[in-house]
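Below you'll find the structure, written out as C-alpha cells, and then a few comments.
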Amino acid sequence: KYAYLDRGRAKYNLQDYFGAISDFTAFIESEPINEKAYYYRGNAKNELKDYKGAIADYAKAIESNPSFSDAYNDRGVSKYLLHDLYGSISDFTKSIEINPKNAKGFIGRGYAYSDLENYISALSDFNKYVEFDNNNAIVFSRRGYVKELLKDSNGAISDFTRSLEIDPKNPAVYLSRGLSKIKIGQKESGCLDLSKAGELGLAPAYEFIKKYCQ
C-alpha cells in the first residue's frame, strides 16, 4: 500500500496533481489514519485550486497529529487564498507556536495582516521572516510597501532597493521606489526610476512621469 503513497508523491513532483490525488486516495482507503497522506493530498488539491478540499484534508492531518506545523501552515495558505484572513492568521500563528523557526508562517501571516491593514503586525512578521531569508525579492518589496504606508519612505526605499538587487527586472518595484523618492524630495532619481519602470513595460509609469517629472 505504501507504493501508492510513494507514487503519489512522485506524480506530485511531476505536477500530475490529479494523478497524485488518485494515489493518495487509494492509500487513505487502505490506511485512513495517516497524517502525511492527508497532508500530501491537501497539497495536491491546493495546486488544483480546490482550497476547500485542501482545508478538509489538512484538518484530517491535524486531527491525526495536532503538532503538525506544516499542516497548519498550508491550511493557512488555503484559507488566505479563500480570503479567510482571520482564519489564516490563526493557522499561521499555531504553526509558528509549534515551530518558531517556521519562516513560511511569518510571511503568510504578514501578508494576511497587511491585507487587513494591520501594518504594524505585518511589518513585525516581515522583519522576522527576513531573519531567516535575506534573499526574497517579493518579501522586500512587500515590506517596502508596508513601510511606505507607515510613512517610513526612507525605509521603503531601502527595501525596494534590496528587492531590485535580487530581481532587477521588476518594473512595479522601480515604480514604487520612484514614487517614494519623489515623496522625500529626490525628484531626479525618482523620475529615473519611473522611467525605468516604463522601459520595462509598465505603462502607468508614464502617467506618473507626466504628473511629477515635467
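The values are calculated or read from the model by the stated rules, or taken from the named source; none is laboratory data. What you are looking at is a predicted structure, and each value in this text was computed from that prediction instead of being measured. Cβ: placed from backbone, ideal geometry, glycine included. Neighbour counts: every protein chain shown. Keep in mind that these areas ignore ligands, DNA and RNA; they rest on the heavy atoms of the full protein, side chains included. Shrake-Rupley method; radii C 1.70, N 1.55, O 1.52, S 1.80 Å.
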Residue set 75, 41, 9; condition in a helix (DSSP H, G or I), surrounded by fewer than 20 Cβ atoms within 10 Å (Cβ to Cβ) and in contact with a Phe, Trp or Tyr (Cβ under 8 Å, 6 or more places away or on another chain); output residue 9
Residue set 129, 86, 111; condition among the aromatic types (Phe, Trp, Tyr), more than 26 Å from residue 185 (Cα to Cα), touching a Lys or Arg at 6+ places or on another chain (Cβ under 8 Å) and assigned to a helix (DSSP H, G or I); output residue 111
Being within 17 Å of the chain's Cα centre (by Cα), among the polar types (S, T, N, Q), closer than 26 Å to residue 200 by Cβ and open to solvent by 20 Å² or more (accessible area, probe 1.4 Å) narrows 127, 134 down to just 134
**OP:** Return yes or no: is residue 85 out of contact with any Gly (no Cβ under 8 Å at 6 or more places or on another chain), over 19 Å from residue 39 (Cβ atoms) and touching a residue at least 12 places away in the same chain (Cβ under 8 Å)?
**Re:** yes
Condition set in a helix (DSSP H, G or I) and closer than 21 Å to residue 65 by Cα, scope the stretch 12-34, selection farthest from the chain's Cα centre (by Cα): answer is 30
Cβ pairs under 8 Å, 6+ apart or interchain, first in the stretch 49-60 and open to solvent by less than 40 Å² (accessible area, probe 1.4 Å), second among the aromatic types (Phe, Trp, Tyr) and not in a loop (DSSP other than H, G, I, E, B), ordered by first then second residue, are 57/38; 57/39; 58/38; 58/39; 58/72
_Among the residues that make up the stretch 137-160, is at least one of them in contact with a Lys or Arg (Cβ under 9 Å, 6 or more places away or on another chain) and of a type in the set (Val, Ile, Thr)?_
yes
All conditions in (1) touching a Phe, Trp or Tyr at 6+ places or on another chain (Cβ under 9 Å); (2) of a type outside the set (Gly, Ala, Ser); (3) not in a helix (DSSP H, G or I) are true of residue 94 except (3)
So, first residue closer than 15 Å to residue 164 by Cα and in a helix (DSSP H, G or I) in the stretch 185-214, second residue at pLDDT 95 or above and β-branched (Val, Ile, Thr), Cβ within less than 6 Å, six or more apart or across chains; the pairs are 190/182; 194/209
If we keep only residues of the stretch 94-123 that are of a type in the set (Ser, Thr, Tyr) and either open to solvent by less than 20 Å² (accessible area, probe 1.4 Å) or under 15 Å from the mean Cα position of the chain (by Cα) (or both), then the residue nearest to residue 57 (Cα to Cα) is 95
Original post:
Quick check: is even one residue across the stretch 163-178 out of contact with any Ser or Thr (no Cβ under 9 Å at 6 or more places or on another chain) and crowded, with 19+ Cβ neighbours inside 10 Å?
Top reply: yes
